[in-house]
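The values are calculated or read from the model by the stated rules, or taken from the named source; none is laboratory data. Fair warning: this is a prediction, and the values are worked out from it, not measured in the lab. Positions of Cβ are generated from backbone atoms using ideal geometry, with glycine treated the same way; all protein chains shown enter the neighbour counts.
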Amino acid sequence: MSTRRAGPRPRPDLSLYLVTDTVLCGDRGVPAVVAEAVAAGVTCVQLRDKTLDDDSLVALGRELRQVLAGTGVPLLVDDRVHLVEPIGADGVHIGQTDMDPVEARRILGEGALIGLSTHSVGQVRAASALPVGTVDYLGMGPVWATATKAGHAPPIGPDGLAAMRAESWLPAVAIGSVKAHSLAALAGSGVDGVAVVSALCAADDPAAATRELRAALARAGIGRTASAGGASGKASPHRVPSVLSIAGSDPSGGAGIQADLKAFSALGAHGCAVLTALTAQSTQGVTGIHPVPAAFVREQVETLLADVRLDAVKVGMLGSAEVARKVAALVRDRVDCPVVLDPVMVSTAGSRLLATDAVEAVCALAPEVDLVTPNGPEAAVMLGAAEATTLAEQREQAVALAERLGTRVLLKGGHLAGAESVDVLAEEGRLRELRAPRVDTRNTHGTGCTLSSAIAAEHAHHSDWGVAVGRAKHYLTRALQEADGLDIGAGPGPVHHFHPWW
Ligand SMILES: Cc1ncc(COP(=O)(O)OP(=O)(O)O)c(N)n1
Ligand SMILES: Cc1nc(C(=O)O)sc1CCOP(=O)(O)O
Ligand SMILES: [Mg+2]
């Protein structure tokens, strides 16, 4: 019986990850060591034992499940995908040769956590090219040679770790002879946490060793431990972030402000909304647009900012040049949190949502924001070029647009053909690709609104563009996969924004 909760797969707190070793735990037993370490601040646990047979491992795993009940600390199993369900574990950690991660995801489904070991930059690149949502985090190591793992890969060292970390937006933990005294060397490596075996399992006092590691993590600025709860062992109360959408209304509920608020809510953010335009719209198209006066757009934003602390802003349909210019001024002068711009020009059903004379004003707003998310036709308009028809052209246009605007660009590939939907993220000369299976559904209304809102909400949680984009793409892919359950209107219907919940 699985104890996994309903709702979206949570991002595990990898700050201090205990991987068990039955021999090193000795007579105290694995459950007792885990209990002490978790009470002192371990945030994730993996059951790793190469010698126990399946039945014995299941029995031990179930004991650990009891120990962890009510702590919120996830339990993963090393290697043995088939034991996740019998143990009721939250997921599995697999090595390069254990099982294809795509196969592991297929077997375990969307609710399970999957970690993957990597030992080189090439392996990190390959893991990052997997369909979004296949793996939840990467193990990177061994940082230093370790007696715990026989025949381990060559040590990567702190510099190798930083080089591997820079190749992926997936969360990552460092592993391999990580001790409290060596943690300072990993400061600035960008990892989300460390995984340790002997530092805790072989410690005389696992609770004291845990506290020492947490203090060292805090000093090195690694993991959520560093910002939430420090070395005290206590997590801060969770604060729900506030995210604002500045966009138009879609009465059919699939796009615009309505979609944005649903995406924010589904992803655990409080949604605020400033309207730029009313549309008369259904799944079949737009029959009219009633713009909100630019001065009143400004009043809505100013009134809100005087009261509410925002963690992210998404800008969608602006409608007119005047509103676009006003929003640009507000973003420049009044907004002090990350901003995502979906440069909405034409709806999925082909209706024009931006006056032709407003394109220039939207292009002028783009350099003021942190991320711009055009689709193929919008990127072509912004570049004054023909629309990309191949992935190679899509990559070129993403780089060209990011250079021209001086900001990050996520050029979406939904308009291109192919078994996969590939979005390209261009950031400071670097390119990353986010791949997902192309979903065969007619319910594609509001996909752009949903993705940009999901990115804003995820960034409000994780403060990392790569993580935010990866998680948002996964959320949208699932929303498309579940969309056929919604039979709304005769045209392209909405995606299933609340798929994690029902
Ligand atoms: C968090 C974490 N990182 C790496 C590993 C190693 O996994 P793998 O490469 O499968 O090697 P074994 O642990 O199976 O020897 C891990 N278990 N956990
Ligand atoms: C289990 C494991 N995997 C590694 C990898 O590089 O993938 S290193 C390792 C052993 C880590 O143990 P300790 O903290 O005692 O050094
Ligand atoms: Mg393994």
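Details
- Candidates Ala32, Ala127, Ala37 - the one that is within 19 Å of Gly141 (Cα to Cα) and assigned to a helix (DSSP H, G or I): Ala127
- Check on Gly70, assigned to a loop (DSSP other than H, G, I, E, B) and away from ligand 2 (no atom under 16 Å from the Cβ): yes
- Among the residues listed as Ala208, Ala195, Ala199, Ala203, the single one being within 21 Å of Ala32 (Cα to Cα) and within 16 Å of ligand 3 (Cβ to nearest atom): Ala195
Residues checked against (1) within 16 Å of ligand 2 (Cβ to nearest atom); (2) of a type outside the set (A, V, I, L, M, F, W, C); (3) touching a Gly at 6+ places or on another chain (Cβ under 6 Å):
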site	(1), (2), (3)
Ala129	no, no, no
Gly160	yes, yes, no
Met164	yes, no, no
Pro171	yes, yes, no
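- For Arg352, the stated conditions do not hold, so it cannot be described as modelled with pLDDT of 95 or more and surrounded by fewer than 19 Cβ atoms within 10 Å (Cβ to Cβ).
- Residues that are under 15 Å from the mean Cα position of the chain (by Cα) and of a type in the set (Phe, Trp, Tyr) were ranked within region 452-502; the one that is farthest from Thr373 (Cα to Cα) is Tyr475.
- Condition broken by Ile107, with the remaining ones in (1) at pLDDT 95 or above; (2) under 24 Å from Arg478 (Cα atoms); (3) in a loop (DSSP other than H, G, I, E, B); (4) more than 12 Å from ligand 1 (Cβ to nearest atom) satisfied: (3)
- Cβ-Cβ under 8 Å pairs, at least 6 apart or on other chains, region 85-108 side free of Cβ contacts under 8 Å to residues at least 12 places away in the same chain, far side surrounded by fewer than 18 Cβ atoms within 10 Å (Cβ to Cβ) and not in a loop (DSSP other than H, G, I, E, B): none
- Verdict on Val102 being in contact with a helix residue (DSSP H, G or I) (Cβ under 8 Å, 6 or more places away or on another chain), away from ligand 3 (no atom under 14 Å from the Cβ), in the same structural domain as Ala208 (by TED's automatic domain parsing) and at negative phi: no
- Residues that are crowded, with 17+ Cβ neighbours inside 10 Å, on the phi < 0 side of the Ramachandran plot, modelled with pLDDT of 90 or more and not in a strand (DSSP E or B) within region 165-181 comprise Val178, Ala180, listed in sequence order.
- Strands (runs of 3 or more DSSP E) wholly inside region 277-344 that include at least 3 residues being modelled with pLDDT of 95 or more: 312-315, 339-341
- Thr118 meets each of the listed conditions (1) within 13 Å of ligand 1 (Cβ to nearest atom); (2) free of Cβ contacts under 8 Å to residues at least 12 places away in the same chain; (3) polar (S, T, N, Q) apart from (2).
- Looking across region 394-414, the residues that are surrounded by fewer than 17 Cβ atoms within 10 Å (Cβ to Cβ) and either within 23 Å of the chain's Cα centre (by Cα) or part of a helix (DSSP H, G or I) (or both) come down to Glu403, Arg404.
- Pairs, first touching a residue at least 40 places away in the same chain (Cβ under 8 Å) in region 199-210, second within 16 Å of ligand 3 (Cβ to nearest atom), C-beta under 6 Å, six or more apart: Leu200/Leu18; Cys201/Asp21
- Selection over region 67-79 of residues that are in contact (Cβ under 8 Å) with a residue 24 or more places away in the chain and either away from ligand 1 (no atom under 13 Å from the Cβ) or surrounded by 21 or more Cβ atoms within 10 Å (Cβ to Cβ) (or both) gives a count of 9.
- Test for Ala37: is it touching a residue at least 40 places away in the same chain (Cβ under 8 Å) and surrounded by fewer than 20 Cβ atoms within 10 Å (Cβ to Cβ): no
- Criterion: in the same structural domain as Cys25 (by TED's automatic domain parsing), more than 16 Å from Gly470 (Cα to Cα) and within 16 Å of ligand 3 (Cβ to nearest atom) - qualifying residue of Val143, Val178, Val173, Val135: Val173
- Residue tally, condition polar (S, T, N, Q) and within 18 Å of the chain's Cα centre (by Cα), over region 264-287: 1
- Any hit, region 46-55, residues being without any contact (Cβ under 8 Å) to a residue 40 or more places away in the chain, assigned to a helix (DSSP H, G or I), in the same structural domain as Leu161 (by TED's automatic domain parsing) and of a type in the set (Ser, Thr, Tyr): no
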